[in-house]
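Below: the structure, in structure tokens.
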Amino acid sequence: RSRIKGIDDAFSLFSMDEHIYIGLRHGLRRLNVTDHKIRNINDEIFVVTNIVANKHSAYGDDKSILAGSAKSLWAISHPTNNNLTRLKDYPVIKTICYDSDNNLVIGTDNGLYVTDQEGNTTHFTHDARNSGTISGDVVWCVYRDRDDNTWIGTNDGISLSPQKRTLHIHNLHHITGS
């Protein structure tokens, strides 16, 4: 086990080609796995929580990466990293992924945001009066399984959207029995 100098408080890791992107509390770094050199990409992005490859034509080419932070969604050109663009502000981004239609799915402290290929964004939040909404407003994780079911982990349970159909909610008290 060895420690990489200058890397503290790592929040996220992402690999692309021969590079590992490291999201930190204060900034974003890129490690070249061939020569083991670390390049500082930016120190001003605060709390880089998640990094994914860009599959979204509205946000640049397929060689860029997207990084979620405490305040915004960023696009970073790869492998040059010469272009860093703030795409949109969001409340604290906790997770980023793609659904089966390659829509960008962003979990935040204020619900779930889904952006289609044309750049249209839909915001989903919890509504106690509607059983078809997500189980809580703090979305910690989103997972798409091999059957294209989308699982949404929130501060108050798990929501399941089976193959683009109606949302089912499993609240914490149903999961834990308490």
Using mean Cβ contacts within 10 Å as the protection proxy, how do 9-19, 33-43 order, highest first?
-> 9-19, 33-43
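Compute the signed sum of charges (Lys and Arg +1, Asp and Glu -1) over the other residues within less than 15 Å, Cβ to Cβ, of T154. Each step should come with its number before you reach the end.
Details: positive: K94; negative: D109, D127, D137, D156.
Net of charged neighbours comes to -3.
Between beta-carbons, use under 15 Å as the cut-off and find the net charge around D127, counting Lys and Arg +1, Asp and Glu -1.
On the way: positive: R129; negative: D137, D156.
That sum, taken over residues with Cβ under 15 Å, equals -1.
Of all the Cα-Cα pairs you can form in region 75-146, what percent are over 15 Å apart? Numbers along the way, then the final one.
Working: 1559 of 2556 pairs.
In whole percent, the long-distance tail amounts to 61.
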Quantify, in whole percent, the carbon and sulfur part of the accessible surface of region 27-150 (1.4 Å probe; protein heavy atoms only).
-> 46
What whole-number value in Å² describes the accessible area per residue of region 99-152 for a 1.4 Å probe?
-> 54
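The values are calculated or read from the model by the stated rules, or taken from the named source; none is laboratory data. Everything numeric in this text was worked out from a predicted model, so none of it was measured. So basically every Cβ, Gly included, is an ideal-geometry build from the backbone, and we count neighbours across all protein chains shown. Side chains included, ligands, DNA and RNA excluded: accessible areas come from the protein's heavy atoms. Shrake-Rupley method; radii C 1.70, N 1.55, O 1.52, S 1.80 Å.
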